[in-house]
Amino acid sequence: MMCKLLEVRRSGFYDYLHRLSSTDPRQKFIESCKPFIRAVFSGSKGTYGARRMKKALLGEHQIVMSRRTISAVMAELGLYAKSPKAKCKTTITSASKVRYAPDLLRRNFSATYPGESLVGDITYIRTKGGFLYLATVIDCFSKAVAGWAIDDNERSLRQLVMFGQDARPKTALSPL
């Protein structure tokens, strides 16, 4: 009666019941691991991907599962690791405290003789040991680097570029 009502064949209904009762043992194992995967993922505040999840499942719950299976299960559960935002170190602290150097060149970067006008800038370079700051001074006449300095303290370089009149070396590419 029910098969007629649902408009399915009787053999299809019994086949469906048989498939429900004899699920794959691997699939049963995966289903039993889903709560642990959810718990580890929420415990990591959503930052664990499949590789770290595999280590955590093995360490905390003694569950051995391949990285690809974990990845597939996480995708099935809608769990995607979020990467932390890159911590960008800026040299400007606050817009209200910013002091701009006066534009003495008035954006005119041409010069008629060497050493007439010099421009400088500071950039930072990420290294394994922390940040290094590179200060350069460029001669507007030859467009060549008139001097440079590297230091782990940005303030000393900033003072060198902003107030350093000794940035007029005799040879190009000599350190300040």
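The values are calculated or read from the model by the stated rules, or taken from the named source; none is laboratory data. All of these numbers come straight from a predicted model, not from anything done at the bench. Cβ: placed from backbone, ideal geometry, glycine included. Neighbour counts: every protein chain shown. Just the protein is used for accessible areas: all its heavy atoms, side chains included, with ligands, DNA and RNA removed. Shrake-Rupley method; radii C 1.70, N 1.55, O 1.52, S 1.80 Å.
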Task: Phi to ³J(HN,Hα) by Karplus 6.51 cos²θ - 1.76 cosθ + 1.60 over the stretch 111-125, Hz, x for Gly, Pro - done: 9, 9, 8, x, x, 5, 9, 10, 10, x, 7, 10, 9, 10, 10
- [ ] Tally up the carbon and sulfur contribution to the accessible surface of the stretch 26-77 as a whole percent, 1.4 Å probe, everything protein left in place.
- [x] 54
Task: Förster radius 35 Å - calculated FRET efficiency between R126 and D24, Cβ distance, rounded to 0.05 - done: 0.10
